[in-house]
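The values are calculated or read from the model by the stated rules, or taken from the named source; none is laboratory data. Treat the numbers as computed from the prediction; the structure is a model and nothing was measured. A quick note on method: Cβ atoms are made from the backbone with ideal geometry, for glycine too, and the neighbour counts reach across all protein chains shown. The protein model used for the area step is the full one, side chains on, heavy atoms only, and it has no ligands, DNA or RNA in it. Shrake-Rupley method; radii C 1.70, N 1.55, O 1.52, S 1.80 Å.
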Amino acid sequence: MNSIWNNNISLFIERFPRLAELINNNIEGFSQPDFWKISQAKDGNVIAEENSLRLHSAYAPVKESLNAIHAEENKLETAKSAVFLGFGLGYTPIELCKKYPELPLILIEPDINHFLAAIYYMDWTPVFKNPNLILAISSTPEQASVLINQYGVSESVFFNVKTQTAHAKEYFDVINALIERNLQKEKINNATLTKFGKLWNSNCKRNAILFNSMQGVIKYTDSCKDKPFVLLAAGPSLQKILPYLKKIKTKATIVCVDTALKACLNYQVEPDFIVLTDPQYWAYRHIAGLKSPTSTLITELAVYPAVYRFKCKKIIVCNSQVPMAKEYTNLYNQKGDLGAGGSVASVAWNFCALCGAKKIYTCGLDLAFPSKETHIKGSTFEESCHTKSSRLNTAQTQGMPLLFSGNAIQALNYNNAPVLTDQRMKMFAWWFESRLAECPEITTYTLSPEGLKIPGITPISIEDFLKIL
């Protein structure tokens, strides 16, 4: 082996001992790679070619990398991270670390041998000396996406050269799709924050004293490992499980989102936990006028203040995901983080996971419009539509905008039959898909095969579910 390799491996092992241990067999068995055709550029630097695709400039690869960095210079000055989707021999990461030696750097490469080949030919000392280096080597697209999200997609600079990702095109296509989805989500969140920021800030001030006095969800960590959890969302398919709720409650822990509470109470079932973490006033309207004396309400700091007056057994709080609420939260003891995912159902799933659930059964998590229905019968929305309906403005007419306002598209349900959904709900579905991939120790089922099919969730019939209980 050459001196460049020996130096790089020493730095790598010193910097990432655990990762080096995991890929030790690859390191010990590594030899000069045969997937690259190595040659010299016109300026004397080494270059590589793979499948007839040149990874770097045949004339001046260093200059090419400096130009790529210069093109992003304005963004790099304020960026929170630089992300490389593939990197070839590593020219651009190396030059970037010379110019910005402490900028957080995320290097993504699905194939260990391609990473090892890069450090076989090039001196990676500037990269390994970067104190904020993150190596996403042989990670799943979802894991890589989580690393990027720590810094924010909109506040990161991306380097993506097609010839350097062609060897794993499908992998990088998935990551690019995840990045685009996260970028859209951040744009939506920023727009929402701009619109409602002052109101949410006012809510935080009004709720602060009560929030500080309450226990956090952290107290439930790993508290219910041996009991199945049933997560109730408010999709139209929830209707079919409601008659079985009383029996289910005797054997399982029921976690209900705010929009599904009224349906449960109509069947004389009080959920074990109710989750309401949306700061909008209309989220409070779903529980307004209701009471559930044996239930525990899970909420956060920025919600509409009347939420804290809900009549229940007790109220438990979690850390907020609203930026201004985070500042208040930092003043108090940490209450426990339930993350975010765009929907209250994703927060509810995180709570089940926090409790130590190994099996989570969902119902009403449709993320679609099965039979072109938008809400479960008897929901606050549906009753409001009937209250306002008239001969010229029927309840069906009021529900139509929901079917088509989010760019309605056809997708498949768990029976591989077509179902109508939209881009908003597909984004929520993607969150679940990513989260499930991060938690392989938890098995998630659906009792609602009519809903949008989410990879990682297994359909199960109500009859089979009741046999298991």
What about I4, is it more than 18 Å from S139 (Cα to Cα), open to solvent by 50 Å² or more (accessible area, probe 1.4 Å) and among the β-branched types (V, I, T)? yes
Of all residues in the stretch 254-274, which are open to solvent by less than 10 Å² (accessible area, probe 1.4 Å) and not in a helix (DSSP H, G or I)? I254, V255, C256, V257, V269, P271, I274
Note on D464: of the conditions (1) touching a helix residue (DSSP H, G or I) at 6+ places or on another chain (Cβ under 8 Å); (2) assigned to a helix (DSSP H, G or I); (3) of a type outside the set (S, T, N, Q), unmet is (1)
Considering the stretch 151-166 alone, what residues qualify as being over 20 Å from F35 (Cα atoms) and without any contact (Cβ under 8 Å) to a residue 40 or more places away in the chain? V153, S154
Sort out which residues of the stretch 154-173 are open to solvent by 60 Å² or more (accessible area, probe 1.4 Å) and either among the charged types (D, E, K, R) or more than 18 Å from P93 (Cβ to Cβ) (or both), and write them in order of number. S154, E155, K162, K169, E170, D173
Got at least one residue in the stretch 182-194 being farther than 18 Å from A429 by Cβ, open to solvent by 60 Å² or more (accessible area, probe 1.4 Å), in a helix (DSSP H, G or I) and touching a residue at least 60 places away in the same chain (Cβ under 8 Å)? no
Sort out which residues of the stretch 305-337 are open to solvent by 50 Å² or more (accessible area, probe 1.4 Å) and modelled with pLDDT of 95 or more, and write them in order of number. R309, K311, K313, K314
Within the stretch 443-461, which residues are touching a residue at least 24 places away in the same chain (Cβ under 8 Å), open to solvent by 20 Å² or more (accessible area, probe 1.4 Å) and either touching an Asp or Glu at 6+ places or on another chain (Cβ under 6 Å) or more than 13 Å from L365 (Cα to Cα) (or both)? T443, G456, I460
Could you please find all residues in the stretch 285-317 being touching a residue at least 24 places away in the same chain (Cβ under 8 Å), under 16 Å from F211 (Cβ atoms) and in a helix (DSSP H, G or I)? P305, V307, Y308
Determine whether V161 is more than 30 Å from F310 (Cβ to Cβ) and touching a Lys or Arg at 6+ places or on another chain (Cβ under 9 Å). no
What's the number of the only condition in (1) under 21 Å from A306 (Cβ atoms); (2) open to solvent by less than 60 Å² (accessible area, probe 1.4 Å) that Y151 fails to meet? (1)
Looking at the stretch 36-78, which of the residues that are among the small types (G, A, S), open to solvent by 30 Å² or more (accessible area, probe 1.4 Å) and farther than 24 Å from Y100 by Cα is nearest to the chain's Cα centre (by Cα)? S52
